[in-house]
Amino acid sequence: MWTMWAMLICLAGGQLASATLCRTYGTVPGIPGLPGQPGSDGRDGENGPKGEQGPPGQGGAERGEKGDPGLPGHPGKFGPMGPPGQAGLPGITGAPGPMGEPGDYKVTFKSAFSAARSISSYPRREQPVRFDRIITNENGHYENRYGRFTCSVPGIYYFTYHVTSRGNLCLNIKKGRGGSRGDRVVTFCDFVHSSFQVTTGGVVLKMAMNESVWLEPTEKNSLVGLEGSDSIFSGFLIFPEA
């Protein structure tokens, strides 16, 4: 590099310069050259020893005061129903209630009748027997023109008859509605020849509104109604329907 610079100066500076510089070549340092390009990075050195633990850091700011409670949140979903708990102990018996108003026997349900037959001729077979003479007819539920009792107070009733016959007699107790032939409930028969006989029968029936009950003979119809030998048909309410 220095040799190249000396040659250039000798050629450009003439003889004086050439003589002076050329003579002194090799004894006087030349002008410093331009800096070279940076070299490549060296390899990483080995890890140094672990340092000592530093002093503890200073604490942060002091804890502030407790804030106000926030607004309540929205209600959550209902959870599943739990199993039923055990039954509790019986409570204390309460005090008696106030006394009720006095009742009136006149407004209770009533229905009863009893009627006698004053007709001397035998009744027609398979037709209601007319007991035309009223003895008792509470609330008028028995109709003596037709020999029928018609229910106006639903409930349980008892019906009975006591009749005088002068021969064979069979009586049906029948039940139906309106003017229908009705249904036979029970039949009672007595057989006698050339003498008077008292025949009786009875039954307990559940009656609905407007149902009727009556007596009806078969072809054995020797029922009479004479003074001193009465024939009667009776019935009454045992208890009304709840």
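Numbers for the structure displayed
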item	result
Test for Phe109: is it open to solvent by 100 Å² or more (accessible area, probe 1.4 Å) and more than 30 Å from Lys175 (Cβ to Cβ)	no
Neighbours by Cβ (under 6 Å, 6+ apart or cross-chain): first from region 67-82, in a loop (DSSP other than H, G, I, E, B); second of a type in the set (Phe, Trp, Tyr) and at pLDDT 85 or above	none
Candidate set from region 145-179 (those that are polar (S, T, N, Q) and surrounded by fewer than 17 Cβ atoms within 10 Å (Cβ to Cβ)); member that is farthest from the chain's Cα centre (by Cα)	Asn168
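The values are calculated or read from the model by the stated rules, or taken from the named source; none is laboratory data. Note that the structure is predicted; figures quoted are calculated from it, not measured. Heads up, the Cβs are rebuilt from the backbone with ideal geometry, glycines too, and the neighbour counts pull from every protein chain shown. Surface areas here come from the heavy atoms of the whole protein model, side chains and all, with no ligands, DNA or RNA. Shrake-Rupley method; radii C 1.70, N 1.55, O 1.52, S 1.80 Å.
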